Structures are given as C-alpha cells and as structure tokens.
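What follows is one structure encoded as structure tokens, with my remarks underneath.
What follows is calculated from the coordinates using simple rules that are stated; it is not laboratory data. What you see is a predicted model; the values in this text were computed from it and never measured. When we count neighbours, we look across all protein chains shown, and the Cβ atoms used for this are built from the backbone with ideal geometry, even at glycine.
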Amino acid sequence: MKEIDARGLSCPAPVLQTKTAMEAEQLNAVRVAVDNEAAQQNVRRFLESQEFEVSLEKDSANYFVIGKCGEKTLTQPKAAPAAEARQTKIMIMIATDRIGYGDDELGLKLMVSFIRTLKEMGPDLWRLVFVNNGVKLAIQSSESLADLKEMEDSGLQILVCGTCLTHFHLLEQKRVGETTNMLDIVTAMQLADKVINI
C-alpha cells in the first residue's frame, strides 16, 4: 500500500498529489494522510470517483484516507450518458452571498430571489458552484438553504469550496452540496458548455 503524506497542504494539493502518485505507479491501494476535514472529504471523493473502496482512520490531529480497488487502475472520467450529452451544460459559479453593490440588505434579498429563480433554467443548469463568500449560501443559517436543497434533491450537483468553508470556519455548518476543491471546479469548467460568474 502506497503511503502519501499530504499534511500541511491546502486545496487542491492533497488530491493532486494523490492523483499524480496513482497515475505514476498504477496503484491499487493507497493511504493518504491529511490534517483537515476538507482535504479528507476531497481525497475520499476523488478515490471514490476512481472506483476505490474507501475507509477512514483518524487520530487526534490527522485523517488517514485508505483506498483499495483490487486490480483496477486509475480511470478516465466516466462518459456522460447520451441524454445528458445532448443537453446544454451551464455551470454557475457564485462567489458572493449578495448581488451588486450599494445596499447590502438589498443585495442579500436579490441573491435569495436569484437562487429561488434558478430552477426556471430547467435541465440546462448543470452545476452550481459556491466559492469565497458564496459558500455562506450553503450553511444552516442561509435563507436560500431550502431552495438549494430542493434543487439538489432534483439532481443538480452543487459544489462548495472546502478551502473557503475552512477559511470562514463554516465547514461544520454546511448543509447542502458536496465539499469540493479547485481541481473539481476547474474540471467542471472544462466540461461545461457555458460558465456564468456571479
């Protein structure tokens, strides 16, 4: 089993270090040491996306993400189903919890209305990504939480930046979406037909 020490590294370095080692050595078993919850979630999701069986160990300061996959080796991202491939894939990246400048209270109300109205895009809305101050829309006190949960339950993938959640000390308060990293965000941007930044 390959041991990878990714402690002290910020997003997306732990995932990139794991991916590089797996590609170079065609690993079937790996144990990745990280020192924060966001990195643990990101490495776990990456290994699961590569069809590894994942388990977790923890001591007082570190997480150890263990992945095993028999004889399989690192795979390419799975091809989208034909029906999905025919749809326009729009990714919206939201980097703020309010819209516009001038009056913060108005900006917050506009964002709530914007989130609530997004469902009108239908299946063209493919990914919703929250970064920087936008991650505050995915926490337990957010006025948009119910709308975001409804969209997630209907199949929309919502990605929430783990580094941003950690920066604002909000990781434990996240209530919707997948904790993600910059590699996932950049990959989603590459796959999208259109990226809208808010």
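Each of S141, S49 has some number of other Cβ atoms within 10 Å of its Cβ, and from fewest to most they run S141, S49.
Within the straight-line cut-off of under 18 Å between alpha carbons, the lysines reachable from K136 are K109, K149, K174, sequence neighbours fewer than 8 places apart in one chain being disregarded.
Could you pull out the longest piece of the chain with no exposed loop trypsin sites (Lys or Arg not before Pro) in it, calling a site exposed if DSSP puts it outside H, G, I, E, B and it has at most 16 other Cβ atoms within 10 Å? Please report the intermediate quantities before stating the final value.
On the way: sites that count: R7, K72, K78, R175.
Counting only loop sites that pass the neighbour cut-off, the longest clear stretch is 79-174.
Amide H contacts of V160 (H built 1.01 Å from N, in plane; Pro and chain starts excluded): F130, E178, T179, T180 sit under 5 Å, all sequence-distant by 5 or more or on other chains.
For the chain, the mean residue ellipticity at 222 nm estimated from helices alone is -10500 deg cm²/dmol, where every DSSP H run of n ≥ 4 contributes -39500 (n - 2.57) and the total is divided by all residues, rounded to the nearest 500. Counted residue by residue at 0.36 nm each, then reduced by the alpha carbon distance between them, the extension gain from L16 to H169 reaches 52.7 nm. Here the stretch 1-29 is scanned for amide nitrogen atoms under 17 Å from the site 7 Å beyond the Cα of F64 along Cα-to-Cβ, giving 1-8, 29. Rounded to the nearest 20 debye, the dipole magnitude of the stretch 2-68 is 60 debye, with +1 charges on Lys and Arg beta carbons, -1 on Asp and Glu beta carbons, and the Cα centre as origin. Listed as lacking a disulfide-compatible partner in the chain: C11, C69, by the criterion of no other cysteine Cβ under 4.7 Å. Taking label positions 7 Å along the Cα-Cβ direction at both E53 and M121, the computed distance is 3.9 nm, reported to one decimal.
The dipole here belongs to the chain: it is taken about the Cα centre, uses +1 on the Cβ of Lys and Arg and -1 on the Cβ of Asp and Glu, and is about 240 debye.
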